[in-house]
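Worksheet: the structure to be examined is printed underneath.
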């Protein structure tokens with residue numbers, strides 16, 4: 001399923017995706033596979049939720065497709081305390 005993130009609350013780590021069909025779906029930030037800082041405004045692809053559940057495997061449609069599956073790069077790992085070499 002595809003849509004666009006229209007709202008995100010930084011403190012609560014929850015947001016809303018508006019699908020291409022106009023449906024609004026709530027999500028939590030840990031469901032985003034390739035977070036890229038600010039989320040609002042990004043087009044996304046995700047596994048449609050079953051009734052009473054949240055969407056899964058939300059992928060931001062930005063940058064190279066390889067960044068989704070490659071995991072954090074060396075620079076990203078070095079920037080995180082306790083991670084990297």
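What follows draws every value from the coordinates through simple rules; no lab data is involved. A quick note: this is a predicted structure, and the numbers were derived from the prediction, not measured. FYI the Cβ positions are ideal-geometry reconstructions off the backbone, even for glycines, and counts take in every protein chain you see.
Summarise the long-distance tail of P(r) for the stretch 1-60 by giving the % of C-alpha pairs beyond 13 Å. When every Cα pair of the stretch 1-60 is considered, 54 percent fall beyond 13 Å. Placing a pseudo-label 7 Å from each Cα along the Cα-to-Cβ vector at residue 30 and residue 1 gives an inter-label distance of 2.1 nm.
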